[in-house]
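The values are calculated or read from the model by the stated rules, or taken from the named source; none is laboratory data. Because the structure is predicted, anything quoted here is derived from the model rather than measured. For neighbour counting, all protein chains shown are included, and Cβ atoms are generated from backbone atoms with ideal geometry for every residue, glycine included. For accessibility, only protein heavy atoms count, side chains too; no ligands or nucleic acids. Shrake-Rupley method; radii C 1.70, N 1.55, O 1.52, S 1.80 Å.
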Amino acid sequence: MTKPLKRPPKKDPQKRTDSPTLPPFARSRKAIAFTTMAAEGRFALQVCSECKHISYPPREICPKCWSMDLQWQDIENGGKLISETVLRTSVNTYFRERMPWRVGTIKLDAGPTVLAHIHGDVGEFERVRLIARTDKSGQGVIMALPEKETPNMADDRQLRALTCDPKYRRALVTDGRTELGQCMAKALSNAGATRIFVGIAEDWRPYEGSDELAAIPGVEIMPLDVTDTISVNELAAEMGDKADILVNTAEYIRPGSPLDRHGVTLARDEMETNYFGLLRLMQAFGHVMRSRGADRDNSACAWVNLLSVYALSNWPVYGTTSASQAAALSLSQSLRGDFSGSGVKVINVLFGPLEESWRQPLPPPKVTPQRLADTVINALQEGIENVTLGPVAEDVVRRYRQDPFVLERELTQLQMGMGV
Amino acid sequence: MVAGAVTIPYERYSPEPAHWWLARALSELGKENGIGPDDIDGLCVSSFTLFPDTAAGLTQHFGINPRWLDHVPTGGASGVITLRRAARAVQSGDANVVACLAGDTNHVDSFRAMLTTFSRFSQDASYPYGSGGPNGSFSLMTSHYMNNYGVRREDFGKLCVAQRTNALKIEHAMMKKPLTLDEYLDARLIADPIVLYDCVMPCAGAEAYLVMREEDARAKNLPYVNILSSVERHNSFPDDPIQFRGGWALDIDEFWTMAGVKPTDVDLLQTYDDYPVICAMQMEDLGFCEKGAASEFIQGNTFTYDGSFPHNTSGGQLSVGQAGAAGGFLGLVEAIRQLTGTAGGNQVKRAKIAAVSGFGIINFDRGLCSGACLLESS
């Protein structure tokens, strides 16, 4: 049984913060494909299109029939631990700082044998289920979990290195005025976050749900206006070193394409929040988060961006909003670059039309703010970096994967009935 | 047909590049055997740390113009495999005298650097899991082997202790303090069940020998040995979920038939020994005992140079150190010394037939390359 995690002690300000060290990050191009699926929480291996042989490690050719046509497919993740060891020395600094470390050989029911990190609750020669996740270097790795849930399972030291579990962590929610921001704060509190800083712009202006928000255990209301550089910088100066998780709930959304509007005012407002707001947050909070990726029990672990799925491909009904979301998605990729090597994950949730007033006329199916908040918590607890939420978003992503150019045509032909 | 074995004394760390170690091996080979740049027309090299060069660049560096050249990348199997390549070249007339060199340097951080970029499969699928390097891979094999074949830590300990005894007279051995079985059993865990004394010490060093026709060796008045048989195999038994046997098991019949001798005719065995589990596997797979009988076999012999079933008579890599690819030559070079009666204080009496085995390249979860040869004194 996993020992329940204890609330980490308050950090001694005189102590040096460890520099982030990383597990090995060098991978082949095929292994990077494995990483992209691990980032979605998928356990996928290469399957030969001709002879159906499943192979591992990632390769270029089927070792059974020499076909070059190997397709990544989700694989039954059951298997058996056939050998294990506890490493007590390592040439790699990251692991050396974390010894002892348990690894083992798993024979998958599907065929191949893999090497994996082993959860502490897996017994000798027991059956396991495998998950693929990104590690602190941002690369895909495999971990073997007990077949059934065990008490405090998420608190396992090796598993927690792959996840961003909010338990005993501190989080910043950038906009608490909306139902989404409030659901997010509540969900973080429920998930065990100890302090939840919630940003409120222009706090003299009343807003619905303010009393309930303030009453959530752990919530601290902070002045924050993402459209104001000074406001963002002031908050970062005050609590930036305590943001283990940052969830950017701030959004500015208005219907309309360029021809539906006069001038650029609305579009500029959208950019101020959706793009420049994100940029300000990155510049104010990014440096300190990046430096705290290895701060042991108090480490920074995740930056969460909530984006409309039309960030991938513009839907003219919300044409300029989509453009600002596309800009934000692009910036998020840049943040991944900045955070690479820090151990802090950038999580992108692409969602379909949200159940809120600016999307009121759009038809169902919609995503409730509660569901979006729960999805963020799940992504954090599971350590998943790329999430698609809701039937509309799933549909758009599926089309996007099939052919982004066909999707572009579909979205621009006589207003298809999909919504942000 | 094989002659002129030389070993360049190992060093834990060396500031010199691999080129220096290989050059020194060549220089010694020349001095010992009275030959110079004009006397060899074949070169075969094995090295991990020679980057950016290969055997090709070394021809100019060494001032030779061979008509036959090879670079063997099989690590711990390189001794036997180099021998096979060179012997075929001489047999078919492609070369008359082949210098076979293996050597690597060991700078302060070069072992870690080598593990980081060892191979694509290890980079993608094993190194990210705790970066235990070979300790990790062999601990999984050892654990599985112990569970399935009843081999105990005492058995592995006995092999390590015997090799340490053999190493005590070896001038350049990294480990020269006597080792007891109790010390082995109480040793610090490295990667369960592997302990400190199961692991080899990475170091710098080089080993070399010459391959030529018998009549040429006699004309030069060089002590030499003959090759009775040899085999090699790569990626054997790919469907075994974890390695418990090597390529030897596939080739064992041909190995003994070709030589016309039996395992009981063998006077000494040199196995590849980075971790004793692989020694036990080689003893089984080469037919010195049945599969699953290694524990009994180990308890029935002393493995010292002056006892029963002399094994790794120069102390092996476990006591002498692992000088990269030279570790693949160590057993072969020692066997040549034993069969030519030049093994000094560790000489096995009346040594006529030696078996030498190699194992190398832990690519992902297992060693890919295996080989073995039988040698006879002239």
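Points to keep in mind about this one:
- With respect to the conditions (1) within 14 Å of chain A (Cβ to nearest Cβ); (2) touching a Lys or Arg at 6+ places or on another chain (Cβ under 9 Å), B:LEU140 lacks only one, and its number is (2).
Here is a yes/no grid of residues against (1) surrounded by fewer than 22 Cβ atoms within 10 Å (Cβ to Cβ); (2) modelled with pLDDT of 95 or more; (3) farther than 21 Å from B:ASP192 by Cα:
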position	(1), (2), (3)
B:VAL97	no, yes, yes
B:SER126	no, yes, no
B:GLY133	no, no, no
B:TYR149	yes, yes, no
B:ARG153	yes, yes, no
B:LEU159	no, yes, no
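- Some residue of the stretch A:10-24 being open to solvent by less than 20 Å² (accessible area, probe 1.4 Å) and closer than 30 Å to A:LEU350 by Cα: yes
- Candidate set from the stretch A:135-182 (those that are assigned to a loop (DSSP other than H, G, I, E, B) and among the small types (Gly, Ala, Ser)); member that is farthest from A:VAL344 (Cα to Cα): A:GLY176
- For the stretch B:94-116, the candidate set comprises residues that are over 21 Å from the mean Cα position of the chain (by Cα) and more than 14 Å from chain A (Cβ to nearest Cβ); within that set, the residue that is farthest from B:LEU22 (Cα to Cα) is B:ASP94.
- Of everything in the stretch B:1-59 that is among the hydrophobic types (A, V, I, L, M, F, W, C) and more than 29 Å from B:LEU115 (Cβ to Cβ), the residue that is most open to solvent (accessible area, probe 1.4 Å) is B:MET1.
- Flag for A:GLY104 being small (Gly, Ala, Ser), open to solvent by 40 Å² or more (accessible area, probe 1.4 Å) and in the same structural domain as A:LEU45 (by TED's automatic domain parsing): no
- Leading residue by the ranking (farthest from the chain's Cα centre (by Cα)) among those in the stretch A:132-148 that are more than 14 Å from chain B (Cβ to nearest Cβ) and open to solvent by less than 30 Å² (accessible area, probe 1.4 Å): A:PRO146
- Residue match in the stretch A:257-272 (condition: under 17 Å from the mean Cα position of the chain (by Cα) and under 23 Å from A:PHE351 (Cα atoms)): no
- Qualifying residue in the stretch B:345-355 (condition: touching a Lys or Arg at 6+ places or on another chain (Cβ under 8 Å), in contact (Cβ under 8 Å) with a residue 12 or more places away in the chain and surrounded by 20 or more Cβ atoms within 10 Å (Cβ to Cβ)): yes
- The stretch B:122-135 residues that are within 10 Å of A:LEU87 (Cα to Cα) and more than 7 Å from every other protein chain (Cβ to nearest Cβ), paired with ones that are open to solvent by less than 20 Å² (accessible area, probe 1.4 Å) and aromatic (Phe, Trp, Tyr) (beta carbon under 8 Å, 6 or more apart): none
- Within the stretch B:1-33, if we keep just the residues that are out of contact with any Gly (no Cβ under 8 Å at 6 or more places or on another chain) and assigned to a strand (DSSP E or B), the residue that is modelled with the highest pLDDT turns out to be B:VAL6.
- Residues located in the stretch A:42-61, provided they are touching a Gly at 6+ places or on another chain (Cβ under 6 Å) and within 11 Å of chain B (Cβ to nearest Cβ): none
- For beta carbons closer than 8 Å, sequence separation of 6+ or different chains, a first residue in the stretch B:10-34 that is without any contact (Cβ under 8 Å) to a residue 60 or more places away in the chain and a second that is acidic (Asp, Glu) and not in a helix (DSSP H, G or I), the qualifying pairs are B:HIS19/B:ASP53.
- Where a residue in the stretch B:250-272 is buried (at least 16 other Cβ atoms within 10 Å of the Cβ) and its partner, wherever it lies, is assigned to a helix (DSSP H, G or I) and of a type in the set (D, E, K, R), with Cβ under 7 Å and at least six apart: B:ILE252/B:ASP285; B:GLN270/B:GLU334
- The residue that is farthest from the other protein chains (Cβ to nearest Cβ), counting only those in the stretch A:93-108 that are out of contact with any Phe, Trp or Tyr (no Cβ under 8 Å at 6 or more places or on another chain) and not in a strand (DSSP E or B), is A:GLU97.
- Meets criteria (closer than 19 Å to A:VAL376 by Cα, in contact (Cβ under 8 Å) with a residue 24 or more places away in the chain and in contact with a Ser or Thr (Cβ under 6 Å, 6 or more places away or on another chain)) for A:GLY199: yes
- Criterion: within 14 Å of chain B (Cβ to nearest Cβ), open to solvent by 10 Å² or more (accessible area, probe 1.4 Å) and either out of contact with any Cys (no Cβ under 7 Å at 6 or more places or on another chain) or touching a residue at least 24 places away in the same chain (Cβ under 8 Å) (or both) - qualifying residue of A:LYS64, A:LYS80: A:LYS80
- B:ASN147 closer than 23 Å to B:MET114 by Cα and within 10 Å of chain A (Cβ to nearest Cβ): no
- Residue within the stretch A:343-351 that is buried (at least 23 other Cβ atoms within 10 Å of the Cβ) and modelled with pLDDT under 95 present: yes
- Residue match in the stretch B:201-209 (condition: without any contact (Cβ under 8 Å) to a residue 60 or more places away in the chain and more than 14 Å from every other protein chain (Cβ to nearest Cβ)): no
- Residue list for the stretch B:99-114, restricted to those being of a type outside the set (D, E, K, R) and surrounded by 24 or more Cβ atoms within 10 Å (Cβ to Cβ): B:ALA99, B:CYS100, B:LEU101, B:ALA102, B:GLY103, B:THR105, B:ASN106
- Filter result for B:ASP109 (acidic (Asp, Glu) and in contact (Cβ under 8 Å) with a residue 40 or more places away in the chain): no
- Residue within the stretch A:244-264 that is in a helix (DSSP H, G or I), within 30 Å of A:ASN378 (Cα to Cα) and open to solvent by 50 Å² or more (accessible area, probe 1.4 Å) present: no
- Considering each residue of the stretch A:296-307 in turn, none proves to be among the small types (Gly, Ala, Ser), in a helix (DSSP H, G or I) and open to solvent by less than 20 Å² (accessible area, probe 1.4 Å).
- Residue list for the stretch A:320-332, filter: in contact (Cβ under 8 Å) with a residue 12 or more places away in the chain and open to solvent by 10 Å² or more (accessible area, probe 1.4 Å): A:THR320, A:ALA323, A:ALA326, A:ALA327, A:LEU329, A:LEU331
- Of the residues A:ASP121, A:ASP74, the single one that is farther than 30 Å from A:PRO20 by Cβ and either open to solvent by 30 Å² or more (accessible area, probe 1.4 Å) or acidic (Asp, Glu) (or both) is A:ASP74.
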